[in-house]
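Notes follow once the structure below has been shown.
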Amino acid sequence: MKLEILGLSSHYGRRTVLNGVQVPAITPGSVTALLGPNAAGKSTLLRSILGLQASKGTMTLDGADLRKLSRRDRSAKIGYLPQDVGARCALTAIEVVLLALKQGTGWAVDEQDLAAAHSVMDDLGIRALSERPLHELSGGQRQLVAVAQSLVRRPQILLLDEPTSALDLHHQLDLLGLVQRLARRDGLTAMIALHDLNLAARFADRIIVLHGGKIAADGTPAEVLTPKVIADVWRVQARIESDRDGTPMVVPEGALAAA
Ligand SMILES: Nc1ncnc2c1ncn2[C@@H]1O[C@H](COP(=O)(O)OP(=O)(O)OP(=O)(O)O)[C@@H](O)[C@H]1O
Ligand SMILES: [Mg+2]
């Protein structure tokens, strides 16, 4: 499904966090990285799309007003991984994935539900954790279980808020590779908040940079990741190199003084 965000604004009390954010046509089958410094409003933007955060402006899914979708429709179409997955509960990994699958659709769990939960846990390489209580898992294992929750209903739109923050290098590459394959194979539309510019360059088709409540840059990784954007937005001096397949690689050279 095509997601479009036009003139989106959001406030906390008097603090304006998003101020007329324009994100035209996020196309099906693509991975979009949402970048920006701490407190830029990335999580606020993702929560606004989900209706978890009050906002003004236009948001559409395939041209239809997203705000008019029922909560149930919205959660069937959009998978979401919050930034803080926290909750060290006594349920097992498979139980929390089943909870995410069944939300609002009755309590009976049948073979098909179990197969769906197992399949997503297989995709993420965490099937062996099924019977382990969540509070006994490592931080990275818990993060992968939470990703399984966001994927188990096979959503058409996937919003991931810093999904790799607790993952080792191998699992970072594995997870973003999986999202990229789901986009290519199933036409999933993915938007992922990230801090690692090089992971974004490697896996995203499009990079959107949020800064000062607005979109500071929007385009392909090569268009967006320039020394000027990195200096203006992150206050870091960097040079851009290219790896063997032409993917830009950001090499930081030092922090610049505060503006
Ligand atoms: N519940 C809240 N109440 C008041 N202000 C909030 C609330 N949540 C976030 N903010 C403020 O809104 C701004 C944007 O926060 P947000 O969490 O969207 O940033 P972010 O880009 O996701 O940052 P990070 O990279 O640190 O996760 C920040 O200034 C933050 O302090
Ligand atoms: Mg955030």
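The values are calculated or read from the model by the stated rules, or taken from the named source; none is laboratory data. Because the structure is a prediction, the values reported are computed rather than measured. Cβ sites come from the backbone with ideal geometry, for glycine too, and all protein chains shown count toward neighbours. For the accessible areas, the whole protein counts, side chains as well, though only heavy atoms, and no ligand, DNA or RNA atoms are used. Shrake-Rupley method; radii C 1.70, N 1.55, O 1.52, S 1.80 Å.
With N residues in the stretch 3-255, what two-decimal value do you get for its Cα radius of gyration over 2.2 N^0.38 Å? Dividing the Cα Rg of the stretch 3-255 by 2.2 N^0.38 Å gives 1.02.
If you take the alpha carbon radius of gyration of the stretch 130-229 and divide it by 2.2 N^0.38 Å, what ratio comes out, to two decimals? Ratio of Rg to 2.2 N^0.38 Å for the stretch 130-229: 1.18. Between D122 and D243, the FRET efficiency from the beta-carbon distance, with R0 = 35 Å, is close to 0.70. Between R72 and L178, the FRET efficiency from the beta-carbon distance, with R0 = 41 Å, is close to 0.95. For the set E4, E111, solvent exposure ranked by accessible area (probe 1.4 Å, protein chains only) runs largest to smallest as E111, E4. Cross-link reach is defined here as a Cα-Cα straight distance under 12 Å, omitting same-chain residues fewer than 8 places apart; for K102 the aspartates and glutamates meeting it are D110, D113. Here R185 and T16 are evaluated by their C-beta separation; at R0 = 41 Å the FRET efficiency comes out at 0.55.
Under 5 Å between amide hydrogens, built in the peptide plane, is the criterion, and for A217 it picks out V209 among residues at least 5 positions away or on other chains.
Relative to the current alpha-carbon distance between W107 and E253, full extension at 0.36 nm per residue lengthens the span by 47.1 nm. Taking a straight Cα-Cα cut-off under 17 Å and skipping sequence neighbours fewer than 8 places away in the same chain, the lysines within cross-link reach of K68 are K2, K56, K77. In order along the stretch 132-138, the Karplus-derived 3J(HN,Hα) couplings, from 6.51 cos²θ - 1.76 cosθ + 1.60 at θ = phi - 60°, round to 7, x, 4, 6, 9, 8, 6 Hz, and Gly and Pro are given as x.
The shape of the stretch 74-116 comes out oblate: with a ≥ b ≥ c from the C-alpha gyration tensor, a/c is at least 1.5 while a/b does not beat b/c. Identify which of Q180, Q156, Q83 has the largest mean-square fluctuation in a Gaussian network model of the chain, with springs joining Cα atoms closer than 10 Å. Among Q180, Q156, Q83, the largest mean-square fluctuation in the Gaussian network model of the chain belongs to Q83.
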